[in-house]
Amino acid sequence: MAVFEMRNAKKAFGALEVLKGVSLKVEKGEVVSIIGPSGGGKSTMLRCATLLETMDSGTLAYGENVAAREENGKSVYAGKAALAQVRRQFGLVFQQFDLFPHYTVLKNVCDAPISVQKRDRAEVEAEAMALLDKMGLKGKENAYPYQLSGGQQQRVAIARALATNPKVLLCDEATSALDPKTTRQILELIGDINKKLGITVVIITHQMSVVKEVCNHVAILDDGEVVEEGLVSTVFSAPKSAAARHLVFPRGADIDVSDPQQQRRIRLIFRSAKTRRMQIGRHPFRSSRALRPTRASARRSFRPTRRSSPKRCTAACSSACRTRSSSRPWTF
């Protein structure tokens, strides 16, 4: 069953058309990444999905909770009570954390469930403490955001998004402001959230490493349209659209590798392999003299060694024998 579906979404700011009929369907339990070049419409799509922007036309639904339907080519949004129920279905993780600087870690996590959902404070604080423990922030509940590292602040932001018990976790460039080590830790955390808590995750990113590390489905958004979508393994091994080929092969690729008409392609990736470039045969743009070894290199390559000397001759040997034995000839 689809826990999130956006269909034929269009959005324009004046004469600038940002979304040109975007459609995306996310099934329960998936980890989906939305990638694409800057200016492709990813952030606008996310803002429309979280009701921070209204669509000009199109439909939006979280499971059975319909936020907007299309009538006469325009989006018609549901009432206030229905939209409040829709907002309970998702949690949002921002790129720059966006924690309240004057709140403690615990209050940042508990604020929405208590103030918006009107839940019992003791129950919410108990759940928040358990969440902070899962996030690896035990003992930090009374700290303020300025006392935390970037990775710790992002963990607080994830805990805050999970505190409302959402079915879908939306992440807007959640790792772009973090160093590689912290990024890996956050990705592992998102993977655990998906597997252990059964929460569907949608990640907006431009980092290909994020897609490969944690996602199983990918949608490529370019110029306001979803130009390609499918399994990560399928899209990355045989990209069909020009935008996908540019993302997978940023430095260009041979036509035999990226041609979508090919029936089968195999990509080989060698890990921890030490390779060395060697010249084989004559270089087409160099003279044969350039490939010949120099006299110095020849001496280094073919250094002669002495042959072990024979046993000393006895007094009975002739002088000729002693002369031959003392010559100690060179061998190659």
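Rule-based calculations on the coordinates, nothing more; no lab input. Everything quoted here is computed from the prediction, not taken from an experiment. Cβ coordinates were reconstructed from backbone atoms using ideal geometry, including for glycine residues, and neighbour counts include every protein chain displayed.
Classify region 83-212 from the C-alpha gyration tensor, please: rounded if a/c falls under 1.5, else prolate or oblate depending on whether a/b exceeds b/c.
On the way: a/c = 1.71, a/b = 1.24, b/c = 1.38.
It is oblate, given that a/c is not under 1.5 and a/b is not larger than b/c.
What ranking of T182, T44, T54 emerges when the number of other C-beta atoms within 10 Å of each C-beta is taken as an exposure proxy, fewest first? Could the numbers behind the result be given before it?
Numbers: T182 17, T44 22, T54 13.
Starting with the residue having the fewest Cβ neighbours, the order is T54, T182, T44.
Only lysines eight or more places from K140 in sequence, or on another chain, were considered; those with a Cα closer than 29 Å are K107, K118, K167, K181, K195, K196.
Ordering T104, T183, T175 from the fewest to the most neighbouring beta carbons within 10 Å gives T104, T183, T175.
Sorting S115, S57, S209 on the 10 Å Cβ count, fewest up front, what's the list? Kindly include the intermediate steps, with their values, before the conclusion.
On the way: S115 9, S57 19, S209 13.
The order, fewest Cβ neighbours first, is S115, S209, S57.
Pairs spanning more than 32 Å between alpha-carbon atoms, out of K25/K74; K80/K240; K20/K240: K80/K240.
The modelled label-to-label distance between N216 and A15, using points 7 Å beyond Cα along the C-beta direction, is 4.7 nm. With a simple spin-label model that places each label point 7 Å from the Cα along the Cα-to-Cβ direction, the separation between A242 and Y144 comes to 5.3 nm. Between the listed residues C110, Y77, F94, the Cα displaced farthest toward the positive end of the dipole of region 62-122, a dipole computed from Cβ unit charges relative to the Cα centre, is found at C110.
With Cβ to Cβ distances under 12 Å as the rule, what net charge do the other residues near K107 carry (K, R +1; D, E -1)? Mind dumping the intermediate values first?
Numbers: positive: R121, R160; negative: D111, E125, E141.
Cβ neighbours under 12 Å give a net charge of -1.
Taking the DSSP beta bridges in region 84-238 as the whole, what percent of them are antiparallel, to the nearest 5? Of the beta bridges lying entirely in region 84-238, close to 40 percent run antiparallel. Here the spin labels are modelled as points 7 Å beyond Cα on the Cα-Cβ line, and at F94 and L52 they lie 0.7 nm apart. Label reach from N8 (point 7 Å along Cα→C-beta): in region 45-60, amide nitrogens under 17 Å belong to 55-60. State whether region 1-87 is rounded, prolate or oblate according to the following rule on the C-alpha gyration tensor (a ≥ b ≥ c being the square roots of its eigenvalues): a/c under 1.5 gives rounded; otherwise a/b larger than b/c gives prolate, and the remaining case gives oblate. Here region 1-87 falls in the oblate category. Full extension of the chain segment joining E71 with A130 gains 16.8 nm, where the gain is 0.36 nm per residue of separation less the Cα-Cα distance.
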